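See below for the structure under consideration.
The values are calculated or read from the model by the stated rules, or taken from the named source; none is laboratory data. Keep in mind the model is a prediction, meaning the values are calculated, not measured. Cβ sites come from the backbone with ideal geometry, for glycine too, and all protein chains shown count toward neighbours. These accessible areas exclude ligands, DNA and RNA; they are computed on the full protein's heavy atoms, side chains included. Shrake-Rupley method; radii C 1.70, N 1.55, O 1.52, S 1.80 Å.
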Amino acid sequence: PTKPLSITRAVGLGYWMLILVGGVQAAITVFMPLQLQVIYGLRPIWVGVANLVVSTGWTISTFLVSGWSGSRERFALNSGPVLIFISALMLLPTVGMHALWLILLAMFVFGWGIGSHNVHLGARVMGNALKGEESITAASQSMMRSLGGAIGTAAGGMVANMAGLGAHIDVATVNQAILAVYVVSTVPLMFGVVFIVRMTRLVVPRTPVPAE
């Protein structure tokens, strides 16, 4: 669509959200297995459990908020990225200590945040497409999320490498690399919170109180 990454238009802001959230999700998903297996010494099945927890939170919140409108829709849109940001902060104390319960809780909050805003995000992006660009706007949303995932994976690899992750994968090195990835992941999420608030103001304006 026209000006797909403009931060002054709803479509551009929506695309940025897909890229930022998709990137952070990819980075965390790629490096969490190292944390669970190398630092925590858990079997690979726990990686699947963590992903299942994300999907569970995502699914429940999507069903819960799908019919919301007005002020409740604004709440769903704005709270989603905030919850994702909080979940990233929750992961920080899990590095260097055994806190599997906190990782799983953070993953549930992460999934809940995605589900609570994603359903309305997609609808509002398509609803605000320029006339004649509805189809390409709808079809390119998945591409933007995939683009975000690719960027997040590459950026996470660069950060982990700069933090010392290389030929040796020992506990100390993995701890340092995972912490770096988690810390850097909070930066795009901060932008995401700003972008979703701006988008919400554009697509779900507050109904003015009628004068008496």
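Quick look at the values:
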read-out	value
Residue pairs meeting the criteria (Cβ under 7 Å; at least 6 apart or on separate chains; first free of Cβ contacts under 8 Å to residues at least 24 places away in the same chain, in the stretch 94-115; second outside any loop (DSSP other than H, G, I, E, B) and open to solvent by less than 30 Å² (accessible area, probe 1.4 Å))	102/94; 106/87; 106/91
Residue selected from the stretch 26-46 under the condition of a type outside the set (S, T, N, Q) and under 17 Å from residue 87 (Cβ atoms), by the criterion surrounded by the most Cβ atoms within 10 Å (Cβ to Cβ)	27
Tabulated pairs, the stretch 122-142, first under 18 Å from residue 8 (Cβ atoms), second part of a loop (DSSP other than H, G, I, E, B) and small (Gly, Ala, Ser), C-beta under 9 angstrom, 6+ apart or interchain	137/129
Near pairs, Cβ below 8 angstrom, 6+ apart or cross-chain, from the stretch 167-191 (closer than 18 Å to residue 149 by Cα) to any residue that is surrounded by fewer than 19 Cβ atoms within 10 Å (Cβ to Cβ) and among the basic types (Lys, Arg)	none
Matching residues, the stretch 84-94, being farther than 19 Å from residue 39 by Cβ and surrounded by 24 or more Cβ atoms within 10 Å (Cβ to Cβ)	84
Residue selected from the stretch 98-107 under the condition in contact with a helix residue (DSSP H, G or I) (Cβ under 9 Å, 6 or more places away or on another chain) and surrounded by fewer than 19 Cβ atoms within 10 Å (Cβ to Cβ), by the criterion farthest from residue 51 (Cα to Cα)	98
Filter pass, residue 143 being within 16 Å of residue 28 (Cα to Cα), open to solvent by 30 Å² or more (accessible area, probe 1.4 Å) and under 23 Å from the mean Cα position of the chain (by Cα)	no
Tally of residues being hydrophobic (A, V, I, L, M, F, W, C), in contact with a Leu (Cβ under 8 Å, 6 or more places away or on another chain) and within 22 Å of residue 141 (Cβ to Cβ) across the stretch 87-128	3
Matching residues in the stretch 93-125 - criterion: being closer than 28 Å to residue 198 by Cβ and small (Gly, Ala, Ser)	106, 111, 113, 115, 116, 122, 123
Residues located in the stretch 116-157, provided they are farther than 20 Å from residue 32 by Cα, hydroxyl-bearing (Ser, Thr, Tyr) and part of a helix (DSSP H, G or I)	116, 135, 137, 142
Checking residue 182 against (1) open to solvent by 60 Å² or more (accessible area, probe 1.4 Å); (2) within 29 Å of residue 42 (Cα to Cα), the condition it does not meet	(1)
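To keep it simple, each residue is scored yes or no on (1) crowded, with 22+ Cβ neighbours inside 10 Å; (2) closer than 18 Å to residue 88 by Cβ; (3) in contact with a helix residue (DSSP H, G or I) (Cβ under 9 Å, 6 or more places away or on another chain).
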{"site": "162", "(1), (2), (3)": "no, no, yes"}
{"site": "172", "(1), (2), (3)": "no, no, no"}
{"site": "175", "(1), (2), (3)": "no, yes, yes"}
{"site": "186", "(1), (2), (3)": "no, yes, yes"}
{"site": "190", "(1), (2), (3)": "no, yes, yes"}
{"site": "196", "(1), (2), (3)": "yes, yes, yes"}
{"site": "199", "(1), (2), (3)": "yes, no, yes"}
